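Comments concern the structure below.
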Amino acid sequence: MRKFILLLFCANLFAQSKEIPFTLEDRDRLIRIEAKLEEMEKRFEQIDKRFEEINRRFEEINRRFEQLTQLFIGIVAAFAGIVAVTIGFAIWDRRTALSPYIRRSREIEEREEILEKALKEFAKVEPKMSEILKKLGIL
């Protein structure tokens, strides 16, 4: 029995170690597969080149956006500066244009006060003036 089992084991080893013949058809099939793999490799290289080109274009677009953003900021800053200068000039112009009238109105107020004091003093001496000032509500 042992010999029989040993014989089966050896036969099994022979059967497994037996080489499978490699035919010309198998070789042609492998050559075709290799050719397809090379073709796929070329396609992948082309796709990689396209992606590199797309990346380069995106970088150019990003640079252009940055330039446009800087230009826009410059335009806004220039416009803000022009507006600030215009408002400053308008305020300065109003102040210088109105300053003589403001001084003149202060002088007139001072003269009115002086005249009012003079009339009150004169009303102390003159009774008719006192009556007139009372009617007007000054005294």
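Of the conditions (1) more than 48 Å from the chain's Cα centre (by Cα); (2) loosely packed, with under 10 Cβ neighbours inside 10 Å, A97 clears all except one; give me its number.
Answer for A97: the failing condition is (1).
Is it true that some residue in the range 5-24 is part of a helix (DSSP H, G or I) and modelled with pLDDT of 65 or more?
The answer is yes; a qualifying residue exists.
The values are calculated or read from the model by the stated rules, or taken from the named source; none is laboratory data. It should be emphasised that the depicted structure is a prediction, and the values quoted were computed from it without experimental measurement. Backbone-built Cβ (ideal geometry, glycine too); neighbour counts: all protein chains shown.
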